[in-house]
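The values are calculated or read from the model by the stated rules, or taken from the named source; none is laboratory data. Keep in mind that what you see is a predicted model, and the values were worked out from it rather than measured. Ideal geometry is used to build each Cβ from the backbone, glycine not excepted, and the neighbour counts take in all protein chains shown.
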Amino acid sequence: MDKGESTLLKVLHAKKSDEFRMKIEKKDKYGITHRRFQQYYKGIKVENAEYLIHGKNGLIQTMNGDFRDVNISSVQPAIGEKQALNSALNFVDAKKYKWQDADMEIFIKKRTNNPKATYYPKGELVIVNDTLKNKENLRLAWKFTISSLVPNNEQWVYVNAETNDIIRTTPLIFDINTPATAQTLYSGTLGIISDSYSGGFRLNETRTTTSGNDINIHTFNSLSQPNYTNAAEFSNNNTNWTTGSWSDINQDQSALDAHWGEEMVIDYWSTVHTRNSLDDHGLSVSGYVHYFEANSSAGWPNNAQWDNVAHTMRYGDGDGITFNPLTSLDIIAHEMGHGITAFTSSLTPGNQESGALNEGFSDIWAASIEHWAASGDPNKNTWLIGEEIVGSAFTSVRNLQNPKSTTTAEGQHPDTYQGQYWATNGEPHTNSTVLSHWFYLLSQGGSGTNDNNDSYLVDGIGIDHAQLIAYQAESNYLDPSADYADARITTIRSAEDIYGSNSCEVISTINAWYAVGVGQAYIINSFISGPDAFCSSAVYSLNNPPASASINWTITPSGVASLISSGNSVTVNKTGGGDATLKATIDGCASVSAFTKSISTVAKVVSVTSEYNGCYNGYAAWRVTATPNFTGASNWHWTVDNPSSGSWYIDQPNSSSTWVEVKGGGGITVTYQSPCGGTSQTNGTTIYSSCGSTFSATMYPNPTTENTLNIEIPKSQIVYSLTNSSSTRNHGLEHIEEVEIFDIYNHLLTNQIFKTNPSQVKMNVSNLKEGIYLVKVSDGIHRETQRLI
């Protein structure tokens with residue numbers, strides 16, 4: 001059954017060689033069904049190319065993702081799997097691989113509950129970007145998961161299936177690797193769960209979550225080496241893991257933090273997001289304390305990591321100078337957050353924006369979990385990452401509230417997209433703070449000016465609401481190659497899913513992105529509707545206000561009207577006559593925004609406008625409109641005052657808008673019956689005739705059978721003024737300078753020039769045959785035309 005595959009093929013204008021295979025379909029708690037599709041080309045998976053379809057009740061609402069236009073002629077590899085693997089291993093050049101260690105092979109079989117599981121790489125043909133040479137160039141490649149033991153590392157290595165070159169690598173180990181001094185601060189005396197076994201009690205449990213799922217949490221002693229299979233139990237002969245009751249507390253106390261932290265992470269995901277462990281399918285949790293790799297570039301022992309292949313946690317002890325044991329709650333939550341990402345959006349790690357988002361989401365989960373589990377602990381600051389593992393020289397590893405802080409162990413970070421301290425090489429920990437600072441502003445609010453010199457104001461919605469938006473986006477909308485623009489779009493969509501399209505949460509989500517330099521600020525498209533004027537009372541409404549926002553109504557000046565408000569509506573009652581300004585102020589959502597409307601308790605015509613529309617039968621046609629500030633007027637009546645000619649006509653005298661046709665000109669006056677009682681009169685505008693077929697001079701006789709045509713300028717020339725004009729315009733002839741006579745085809749038949757500028761002339765027309773002619777008269781400035789019969 002087609003779940004949207006054909007829709008994607010059509011909408012994305014895919015080729016016949018393209019294919020979409022659904023990876024997962026799920027319905028979230030907001031009733032939205034999400035389907036995630038993987039793109040294939042000629043049957044070969046296109047790496048990081050996923051598209052998502054979202055909708056309700058069988059209808060598609062939105063789609064997003066990354067579709068690749070693949071142009072590869074053949075998907076038959078020129079390089080075999082074995083040859084490609086040799087190239088990958090030569091590239092990694094590890095001293096020892098995990099499949100070469102019998103204990104590690106036993107471990108992966110037990111960990112995956114698969115007797116055939118092995119660390120030995122199995123090649124997969126994929127289509128992927130050649131990021132090492134040309135990131136826009138798609139190639140057919142062999143993909144291998146290379147798991148090395150010395151050094152301990154996990155990565156995907158891509159080998160060009162045509163040339164045998166290494167074209168891409170992707171790290172699968174997520175860590176916090178930061179040089180700094182540290183002093184460990186633990187979480188005090190806490191309740192944890194351990195189990196009993198033949199040797200006493202150990203840090204192992206089957207934890208029943210609030211969702212009713214049983215998840216195994218097991219914390220091991222790695223014994224300062226990297227091999228999981230050599231790890232030992234943390235054991236005690238009683239259930240009191242305290243000083244005096246546990247002999248190993250001095251050297252192993254950090255294991256208690258690790259075990260409790262893992263418990264809190266699992267409980268958080270179950271309680272807040274109803275998620276069944278990291279993979280949402282009951283994945284067991286294994287943590288390895290006292291982890292260490294000699295001669296490793298990963299920075300051990302000053303490190304903590306999430307192993308994305310074995311799905312385990314590794315905790316270094318620190319060197320006692322830069323770090324103490326890296327088992328604080330936020331560090332644990334951060335690293336296990338990479339597991340959440342791996343099982344949801346699969347944001348691609350590395351030095352592209354998807355890698356920064358990957359790290360940023362882990363910091364979001366670190367802050368959220370620390371707030372949820374230990375907000376009352378004075379040693380914990382929700383918006384500082386690793387504040388408990390750094391020493392007196394620093395306040396934290398990263399600062400989500402102020403990424404540019406000079407007291408963080410990692411150094412200063414950007415708070416604006418591509419702004420100051422942005423890592424142009426794409427280092428993901430550095431560039432992650434744009435996302436995590438967005439989350440801080442969304443939760444707590446803030447104001448200021450960013451590196452783009454944009455002033456912003458964000459109304460915080462609280463971390464409890466913000467974390468739901470972040471999770472909806474990461475789990476249901478983001479795809480592996482998402483960037484910051486995608487993160488903005490999907491978090492806005494997520495806020496709409498949860499809180500509604502016009503909610504304060506949506507507005508704050510948009511404004512928080514604007515604050516960190518991604519996208520524009522939210523514009524409230526509200527306006528006040530209602531009459532411009534009223535006689536006694538009227539109701540006004542603020543249209544399209546943000547949901548849940550409080551609205552305050554005011555009117556100025558006082559004494560004109562009183563207000564009775566109810567939400568986004570207000571009743572205005574007249575208390576005196578005059579004009580006023582009604583204001584609606586939105587507060588508590590996207591800062592403070594105000595909208596105004598000019599109103600009046602006096603019914604009146606505020607303007608009379610006229611628009612010239614050409615000449616008809618010698619008349620100038622005007623559209624004249626009276627604009628009242630009210631409704632309900634009646635008995636409209638238009639008149640032309642003091643017309644210069646007795647020829648005028650009003651087409652619609654009983655309407656607020658009419659056609660007026662005039663010869664000559666005059667003033668327009670309108671009277672009406674006010675809805676508030678009484679009759680009012682408004683002087684309008686002056687109109688005039690500017691038709692070329694109308695003479696200001698007189699021509700007679702016309703029609704004529706005589707040999708002489710008389711043309712005369714009247715003694716009193718008509719001068720008309722235009723509305724809103726301080727000067728007058730002469731629309732008649734001053735004198736007669738030239739007379740021309742044309743046939744109806746506009747051929748000149750005769751003309752005569754009069755140098756004395758007379759006001760009266762005679763033209764000989766005896767040579768004209770019976771018919772219609774055009775007579776044009778000019779005074780050197782004006783030129784007028786009339787028909788002669």
* To do: Tell me, yes or no, whether the range 173-189 has at least one residue that is crowded, with 17+ Cβ neighbours inside 10 Å, in a loop (DSSP other than H, G, I, E, B) and modelled with pLDDT of 85 or more.
  => no
* The one condition in (1) modelled with pLDDT of 95 or more; (2) assigned to a loop (DSSP other than H, G, I, E, B) that Ala333 fails to fulfil -> (2)
* **When residues of the range 400-411 are limited to those that are within 20 Å of Asn324 (Cα to Cα) and touching a residue at least 24 places away in the same chain (Cβ under 8 Å), the one nearest to the chain's Cα centre (by Cα)** => Glu410
* Go through Ile24, Ile44 for me and flag whichever is out of contact with any Lys or Arg (no Cβ under 6 Å at 6 or more places or on another chain) and of a type in the set (A, V, I, L, M). => Ile44
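For the range 237-274, how many residues are on the phi < 0 side of the Ramachandran plot, free of Cβ contacts under 8 Å to residues at least 60 places away in the same chain and either out of contact with any Lys or Arg (no Cβ under 9 Å at 6 or more places or on another chain) or hydroxyl-bearing (Ser, Thr, Tyr) (or both)? Break it down into steps so the answer makes sense when it comes.
Residues of the range 237-274 on the phi < 0 side of the Ramachandran plot: 237-243, 245-273.
This time we only want the ones that are free of Cβ contacts under 8 Å to residues at least 60 places away in the same chain, so: 237-243, 245-252, 266.
After this cut, where a residue has to be either out of contact with any Lys or Arg (no Cβ under 9 Å at 6 or more places or on another chain) or hydroxyl-bearing (Ser, Thr, Tyr) (or both) as well, the list is 237-243, 245-252.
Count: 15.
Restricted to the range 694-716, and to residues that are surrounded by 14 or more Cβ atoms within 10 Å (Cβ to Cβ) and modelled with pLDDT under 80, which residue is farthest from Leu774 (Cα to Cα)? I'd like the intermediate steps shown before the answer.
We begin by selecting, within the range 694-716, every residue surrounded by 14 or more Cβ atoms within 10 Å (Cβ to Cβ); these are 694-697, 699, 702, 704, 709-713.
Filter once more, so that each one left must be modelled with pLDDT under 80: 694-697, 713.
On the way: Thr694: 12, Phe695: 12, Ser696: 16, Ala697: 15, Ile713: 18 Å.
In this case the residue turns out to be Ile713.
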* **Members of the range 280-304 found to be under 30 Å from Ala94 (Cα atoms) and acidic (Asp, Glu), listed by number** => Glu293
* To do: Mind counting the residues in the range 30-64 that are more than 22 Å from Ala342 (Cβ to Cβ) and basic (Lys, Arg)?
  => 2
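Table: residues versus (1) surrounded by 21 or more Cβ atoms within 10 Å (Cβ to Cβ); (2) in contact with a Ser or Thr (Cβ under 9 Å, 6 or more places away or on another chain); (3) modelled with pLDDT of 90 or more; (4) outside the structural domain of Asn153 (by TED's automatic domain parsing).
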{"position": "Asp214", "(1), (2), (3), (4)": "no, yes, no, yes"}
{"position": "Ser224", "(1), (2), (3), (4)": "no, no, yes, yes"}
{"position": "Asn227", "(1), (2), (3), (4)": "no, no, no, yes"}
{"position": "Ala232", "(1), (2), (3), (4)": "no, yes, yes, yes"}
{"position": "Asn238", "(1), (2), (3), (4)": "no, yes, no, yes"}
{"position": "Thr243", "(1), (2), (3), (4)": "no, no, no, yes"}
{"position": "Ile249", "(1), (2), (3), (4)": "no, yes, no, yes"}
{"position": "Ser254", "(1), (2), (3), (4)": "yes, yes, yes, yes"}
* To do: Please state which one of Ala373, Ala393, Ala366, Ala356 is part of a loop (DSSP other than H, G, I, E, B), among the hydrophobic types (A, V, I, L, M, F, W, C) and in contact (Cβ under 8 Å) with a residue 12 or more places away in the chain.
  => Ala393
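Can you name every residue in the range 110-124 that is outside any loop (DSSP other than H, G, I, E, B) and either small (Gly, Ala, Ser) or at pLDDT 90 or above (or both)?
Within the range 110-124, the subset outside any loop (DSSP other than H, G, I, E, B) is 110-112, 124.
Residue satisfying the conditions is Glu124 alone.
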* Asked: If you take just the strands (runs of 3 or more DSSP E) that sit entirely in the range 27-91, which of them hold at least 1 residues that are under 24 Å from Pro121 (Cα atoms) and at pLDDT 90 or above?
  -> 33-41, 44-56
* Asked: Of all residues in the range 493-551, how many are within 30 Å of Pro675 (Cβ to Cβ) and assigned to a strand (DSSP E or B)?
  -> 12
* Pick from the range 306-323, criterion in a loop (DSSP other than H, G, I, E, B), in contact (Cβ under 8 Å) with a residue 40 or more places away in the chain and crowded, with 24+ Cβ neighbours inside 10 Å, ranking: farthest from the chain's Cα centre (by Cα) -> Gly318
* To do: Please find, among Lys27, Lys96, Lys45, Lys82, the residue that is basic (Lys, Arg), free of Cβ contacts under 8 Å to residues at least 40 places away in the same chain and in contact with a strand residue (DSSP E or B) (Cβ under 9 Å, 6 or more places away or on another chain).
  => Lys27
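Count, please, the residues in the range 48-73 that happen to be without any contact (Cβ under 8 Å) to a residue 60 or more places away in the chain and either more than 16 Å from Tyr477 (Cα to Cα) or among the hydroxyl-bearing types (Ser, Thr, Tyr) (or both). Give the steps one after another, and end with the answer.
Of the residues in the range 48-73, the ones without any contact (Cβ under 8 Å) to a residue 60 or more places away in the chain are 53, 55-61, 63, 67, 69, 73.
Filter again for either more than 16 Å from Tyr477 (Cα to Cα) or among the hydroxyl-bearing types (Ser, Thr, Tyr) (or both), leaving 57-59, 69, 73.
Summing the residues that are without any contact (Cβ under 8 Å) to a residue 60 or more places away in the chain and either more than 16 Å from Tyr477 (Cα to Cα) or among the hydroxyl-bearing types (Ser, Thr, Tyr) (or both) in the range 48-73 gives 5.
Residues are listed down the side, and each one gets a yes or a no for (1) modelled with pLDDT under 80; (2) surrounded by fewer than 16 Cβ atoms within 10 Å (Cβ to Cβ):
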{"position": "Asn613", "(1), (2)": "yes, yes"}
{"position": "Ala626", "(1), (2)": "no, no"}
{"position": "Trp638", "(1), (2)": "no, no"}
{"position": "Trp648", "(1), (2)": "yes, no"}
{"position": "Gly678", "(1), (2)": "yes, yes"}
{"position": "Thr682", "(1), (2)": "yes, no"}
{"position": "Gly692", "(1), (2)": "yes, yes"}
* Pairs, first farther than 17 Å from Ser501 by Cβ and modelled with pLDDT of 95 or more in the range 511-524, second surrounded by fewer than 23 Cβ atoms within 10 Å (Cβ to Cβ) and of a type in the set (A, V, I, L, M, F, W, C), C-beta under 7 Å, six or more apart -> Tyr514/Ala521; Val518/Ala485
* Do we find a residue being under 26 Å from Asn276 (Cα atoms) and modelled with pLDDT of 95 or more anywhere in the range 417-436? -> yes
* Asked: Say we look at the range 279-305 and pick out the residues that are surrounded by fewer than 22 Cβ atoms within 10 Å (Cβ to Cβ) and under 38 Å from the mean Cα position of the chain (by Cα); which of these is modelled with the lowest pLDDT?
  -> Ala298
